[in-house]
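Quick notes on the structure that follows.
What follows draws every value from the coordinates through simple rules; no lab data is involved. Quick caveat: nothing in here was measured; it's all calculated off a predicted structure. Note that each Cβ is placed from the backbone with ideal geometry, even for glycine, and that neighbours are counted across all protein chains shown.
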Amino acid sequence: MKGKIIRLLKENKNSFISGQNISDKLRVSRTAVWKYINQLKEEGYEIESVSRKGYRLLNSADLLTYEEIEDKLKTNTIGRNIYHFDSLDSTNIKAKELANKGENEGTIIIGEEQTKGKGRLGRYWTSPKGKGVWLSIILRPNIEPTKASYITQIGAAAVSKAISDMGIKNYIKWPNDIVINNKKVCGILTEMSGEINKVNYIVIGIGINVNLNKEELPRELKNKATSLKIESGNLVNRKKLVANILNNFEDFYHELIQYNTITKSIEICKSSSALINKEIKIIRRNKTKKAKAINLDKDGHLIVEYPDGTKEGLISGEISVRGENGYV
């Protein structure tokens, strides 16, 4: 109901709309309208209330609801159904729960805060309220399970391009991190439910440190993590960022579904790679090997060359890659 009221206020942004008018349109009592208006004010919406005139929206809240990003969306499917939470344990956990109940492809779960944010290999992801983008997308692609890793490349490309288009230079650390000045600003976690020859659903979770200040980063991560605000020196519009990510994602995902290729995504992942032409360390089952990253193939495999001259295409999964002297 609050979403419907916000939509009415936005449609009449330059004028007042009476409480009776809202009541009649939404078929709720005047008292209910008053209560919803007060709740919206508490959430950060600046709404002017004048006796005998009604209500007028002055400024919207910094919330990642559908009503706040729909005017920036150019998608047909991705993001057209959004579950928005003030706080939840993990957007991926909620997304998998909804996917198991049959929720449609393209549905987005967004949390203003995560209390148990998840990263790759079981790592914890700090997700403070209103400071970042913590979202998950439910997908039901008709692809072979072995190609599920394509979704991570699509996600990385979509996020990297969205950040670049906001004037912030960034790099992709294969397979699932976005880095700026050698520090992590975004992590991507892709999880799949499937059978031997069939994908039931894929959930891709995206966590971005957007407007965190230096003092809000955990002490143990200050040398490894950063935020878009810290790196750009400016407050970043979260609504615009989310809309751009979803617009990019649908474009790149459409290429996979229609043509079974991810050429657009791979081009971005290659041109913005933080690893290609660098000496790296490959950590697999607690064993470390040195190599040089030399390319990214059409399937998103990281091609590396070992000191003995042999080459291998790495498949993302239970592998960690580090720079020779640190994270990147």
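The phi-based Karplus calculation (6.51 cos²θ - 1.76 cosθ + 1.60; θ = phi - 60°) puts the 3J(HN,Hα) values of the stretch 63-75 at 10, 9, 8, 4, 4, 8, 10, 4, 6, 9, 7, 10, 7 Hz, whole numbers, x for Gly and Pro. Exposure proxy ranking for Trp34, Trp174, based on other Cβ atoms within 10 angstrom of each Cβ and starting from the fewest, stands as Trp34, Trp174.
Using only Cα atoms and rounding to the nearest 10 degrees, what angle (0 to 90) does helix 238-259 make with the longest principal axis of the chain? Long axis of 238-259 versus the principal axis of the chain: about 60 degrees. When Rg and the Kirkwood radius Rh are both evaluated on Cα atoms of the stretch 1-151, their ratio Rg/Rh stands at 1.06. Would the stretch 106-251 count as rounded, prolate or oblate if I go by the C-alpha gyration tensor, calling it rounded below 1.5 in a/c and otherwise prolate when a/b exceeds b/c, oblate otherwise? Prolate is the answer for the stretch 106-251, as a/c is 1.5 or above and a/b outweighs b/c. On full extension, the segment bounded by Asn182 and Glu216 gains 10.4 nm, given 0.36 nm per residue less the C-alpha separation. Under the simplified labelling scheme, the Ser29-Asn81 pair shows an inter-label distance of 3.3 nm, with each label point 7 Å from Cα along Cα→Cβ. How tilted is helix 2-11 with respect to the longest principal axis of the chain? Cα atoms for both, answer in degrees (0 to 90, nearest 10). Result, in degrees: 80. Over the chain, the ratio between the Cα radius of gyration and 2.2 N^0.38 Å evaluates to 1.10. When each of the peptides 64-76, 150-162 is scored by the mean number of other C-beta atoms lying within 10 Å of its residues, the order from highest to lowest reads 150-162, 64-76.
Distance from the alpha carbon centroid of the stretch 67-110 to that of the stretch 247-285 works out to 23 angstrom. Summing charges over all other residues whose Cβ lies under 12 Å from the Cβ of Asn244, with Lys and Arg as +1 and Asp and Glu as -1, gives +3.
Against the main long axis of the alpha-carbon atoms of the chain, helix 149-164 sits at an angle near 60°. For the set Lys222/Lys292; Lys129/Lys161; Lys129/Lys169; Lys214/Lys240; Lys222/Lys264; Lys198/Lys224, the pairs lying more than 31 angstrom apart at their alpha carbons are Lys222/Lys264; Lys198/Lys224. A cut-off under 10 angstrom between Cβ atoms defines the neighbours of Asn260, and their net charge, with Lys, Arg +1 and Asp, Glu -1, is -1.
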